[in-house]
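As structure tokens, the structure follows; a few thoughts come after it.
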Amino acid sequence: MSFRAAAASDEDLCISIIHEALAQNINFIDTAPVYGESERVLGKALEGRRGEVVLATKVWQTDGASARSSVERSLKLLRTDVIDLLQIHNMAGWREITPTLQKLKEEGLVRHIGITDRQPENYGEVVEAMRTGAYETIQIPYFLGETSCRAEVLPLAREMNMGVIVMRPFSQLMSRESLLRGVEASSGGRQLLGAGADEALSFLIDHGCETPGQGLLKHLLADPAVSSIIPATSKTDRIAENAAASDGNPLPPEVCERLESLVA
């Protein structure tokens, strides 16, 4: 899951979301220093339970000294002595700061290094970075209506044995009207199938989907290149719903094709 706390007033809600995620056996949490109070609140929420999660954060500095300072601050806020996955946020200064991150890894402060980018038009540079062999993961947007990562990024990730983390599975950039017809974009497609949702999606019920949102997650999990999906939410009751999509039964290829045809 992706974790963001915009203000200290979100603290109790955010902690309850994290604790519910742990209760649902969610074990990968992604955050960043630029996500408001998230690192501090996450550190508090994981007090005494740090070992239950793979903890990922990011760095968005463009010189080595500043990058090290950012990581040291993240370690303090997260109340941990090691970051499982440190990612270069939106490829910022990746050429300049990668040696520093590799040094932090040698020192045992970071276990793995990755890169992220939210703009598909930057995939040329993402591929360039991937080919250096310096990174173990990539984090990219991937959703119905945005599948350009399939052309080169995902095949290269499989070739290089890199983990693929999917951001924005419920992106507002998707033409949700053509998929859900009336289900609000901000809802993440949570209207129950078979209870007033568009009949065009009823075929998902036979594949373990109670909501359109679960269908979207299962669609991504059907891609063997995908390692993890990090849907964000501000509602505790959405955690169990999202977690249920990773039941080990992704959508069959023909069902994925049918779902994709709705936004073609």
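Values in this text are rule-based calculations from the coordinates and carry no lab data. A quick note: this is a predicted structure, and the numbers were derived from the prediction, not measured. As a convention, Cβ positions derive from the backbone with ideal geometry for all residues, glycine included, and neighbour counts pool all protein chains shown.
A few notes on this one:
- Extreme residue, positive dipole direction of the chain, given options 259, 42, 17 (C-beta unit charges): 42
- Radius ratio Rg over Rh of the range 73-128, counting only Cα atoms, Kirkwood formula for Rh: 1.02
- Distance between the range 105-135 and the range 231-264 - C-alpha centres, whole angstrom: 26
- Protection proxy ranking of 68-74, 257-263 - average other beta-carbon atoms within 10 Å, highest first: 68-74, 257-263
- Relative contact order [Cα under 8 Å, 6+ residues apart], the range 1-146, whole percent: 18
- Whole-number D in µm²/s for the range 19-125 (Stokes-Einstein; Kirkwood sum over Cα pairs; 4 °C, 1.567 mPa s): 92
- The chain: Cα Rg divided by the 2.2 N^0.38 Å rule of thumb: 1.01
- Relative contact order for the chain, counting Cα pairs under 8 Å that sit 6 or more residues apart, in percent: 16
- The protection proxy used here, the mean number of other Cβ atoms lying within 10 Å of each residue, ranks peptides 100-110, 79-89 as follows, highest first: 79-89, 100-110.
- Spacing of the two label points (7 Å from each Cα toward its C-beta) at residue 65 and residue 125, in nm: 2.4
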